[in-house]
Amino acid sequence: MTSGSAIATRTRIPMLFLSTFECHSDNKQAQFYARKLSSDIGRWSSALSYQTSQSALPANTLRDPEIGAQFHPDYLLTGDLQFLDEGIRASVVMSEAREGLHMWAQTYQFDGDETSILIDKLAGNIAAAIAFSFAKIERERLKDVPEDQLDAWGLVARCMGLSMRTNQEAREWLRIGRLAVQRDENYAEAHANLADGIRAILLASFDCDISDEDLKREALHHCDRAMILDEDSVYNLYRGSRVHRILGNRILALQLAERVNELTQGRSVSTLYQALIANGKSQQVVDHARAHTKEITNLAKGPAILTKGSAILATAQVIVGMNSEAEAELRGCISRSPSAYLLWMRLANVLALQGKNDEAREALAEAIRIGPTDWGLEAFLRRLRITWRGNPDILHPK
C-alpha cells in the first residue's frame, strides 16, 4: 500500500457519532424521548454495517474538535425532534466529520398516540436509511481509488457495490473478497464479508471454477475466523449464524442467533426464527411469536431491511400445519412489501397447500412477473434445498 493512501483507507467499519436530538421543549418527558431516540438508533444500528458512538449532549453544545477528540467519528448525525398533537416529526442530517459536508438528510413524521412505539419505529427507519446511505457514500468515496491503495475495509466496501448476476460477476466478487482478507488477515469484517458472499454464490449456483465443497470449507473457515477476531460484533455474529445455518453447524447457528437476539434486544427475531426452524424447533417459533405478539407486530411495522420475522414465522406455521395463519401472515408482509417476489412465492406455496389452486397460480405468476428474468419455480425450489440442506421437516410441506 502506498504511503499517500491514508485518505482512502479506514481499516474498520465507518463510525457514526450520535448526539442527543434537539428538542425545543422544557417538558421532561419530551427531553427523555429526545435522548431515547439517539440511543434507540444506536441499538437498531448494531445489526447493520456501521458502528456508533454516542454523547449525552446535543451536537450543538460540542465543538467539532471536541467530538473528534473524544469519539473519533467518520460521520455525525444530528437532528431535532418535535411532538405533535398526535404524533412526532423529526429532521435528520448526516454530515462528514472532517469537513462538515452534508451527506444525507431526511424528514420523518409518524402519527399515533403511543410515543414510545413511534420513537422506536422512527429509530428503526433512521438506522436503516443510514445503513443504505453509508454504503452509497463509502462506495462513492472509494470508486476512483486504485485497488492497490485500498485497505481491507475499502475492498469490503467495493464488494458491497458489486452485483452478482452472472458467473463472471461472482468470480470478480470472490477475487476482491479474498483480496480484502489477504490485505489484513486480522480484520474480522473482511472474513465475515467473504464467508457471507460465498454463501450467496452457493445459493445462486454460480460457477467460480472451484467445487461447491471447497467453497463451503472456505466460507466456514472465514466465518469462524471472524467470530474469533471479533466475538462482540452483532453484524458479524448475524452473518456467522446465517453461514452456519446454511453451510455448517446448525446448533452453532442457533447459539449465534440467540446471542444476536440478546444483543439487539429482540430486534433480530428473523435470525433467531430461521436458526430455530433449521434445528427442527418450528413450534418454538410459533410459541415465541404468540408470547411476543405486540413486539413482533411493532417490528413488522418498521423498515423492511430489519424486519423479516413475520415472513419467517409463516414458514414455521406451515411446518406445524397452521396454513391459514401462515397465509394471513404472508398477506400482511406483502401488503407492506408488494414488490418482494419471494413473499409471493411463499404465498403461492401456502395457498396450494390449502387447495386454493387458482389463487396459488395467480401468486406464482405475480412472483415471476416482478422477479428477476431468470427466476422461477425451479430456482425457488433449488434455493430452498440449499438453504435448508434437505431438512425433511422443512422441505416436505413445500
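The values are calculated or read from the model by the stated rules, or taken from the named source; none is laboratory data. Here the structure is a predicted model, which is why all the values come from computation and not from measurement. Here Cβ is always computed from backbone atoms with ideal geometry, including for glycine, and neighbour counts include all displayed protein chains. All accessible areas refer to the heavy atoms of the entire protein, side chains included, with ligands and DNA or RNA removed. Shrake-Rupley method; radii C 1.70, N 1.55, O 1.52, S 1.80 Å.
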Could you check the simple spin-label distance between Ala379 and Glu218, using points 7 Å along Cα→Cβ, in nm with one decimal? 2.3 nm
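Where does each of Lys281, Lys28 land when they are ordered by accessible area, with a 1.4 Å probe and the largest first?
Details: Lys281 75, Lys28 175 Å².
I get Lys28, Lys281, largest accessible area first.
If Arg239, Arg385 are ordered by their accessible area, calculated over protein heavy atoms with a 1.4 Å probe, which sequence runs from highest to lowest? Each step should come with its number before you reach the end.
Numbers: Arg239 15, Arg385 130 Å².
Ranked list, largest accessible area first: Arg385, Arg239.
Among Thr373, Thr115, what's the order by accessible area (1.4 angstrom probe), most exposed first? Walk me through the numbers on the way to the answer.
Numbers: Thr373 150, Thr115 40 Å².
Reading off the accessible areas and sorting them downward yields Thr373, Thr115.
Just the number, please: Stokes-Einstein D of region 171-256 in µm²/s, Kirkwood Rh from C-alpha pairs, 25 °C, 0.890 mPa s. Mind showing how you got there, number by number?
Working: Rh = 12.6 Å.
D = 195 µm²/s.
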Could you order peptides 188-197, 246-255 by the average number of other Cβ atoms within 10 Å of their residues, highest first? 188-197, 246-255
Ignoring everything but the protein chains, give the 1.4 Å probe accessible area of His102 in square angstrom, nearest 10. 140 Å²
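In region 165-207, how does Rg compare with the Kirkwood Rh, expressed as the Rg/Rh ratio over alpha carbon atoms?
1.00
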Could you report the accessible area of Ser310 in Å², rounded to 10, computed with a 1.4 Å probe on the protein chains as they sit in the structure? 10 Å²
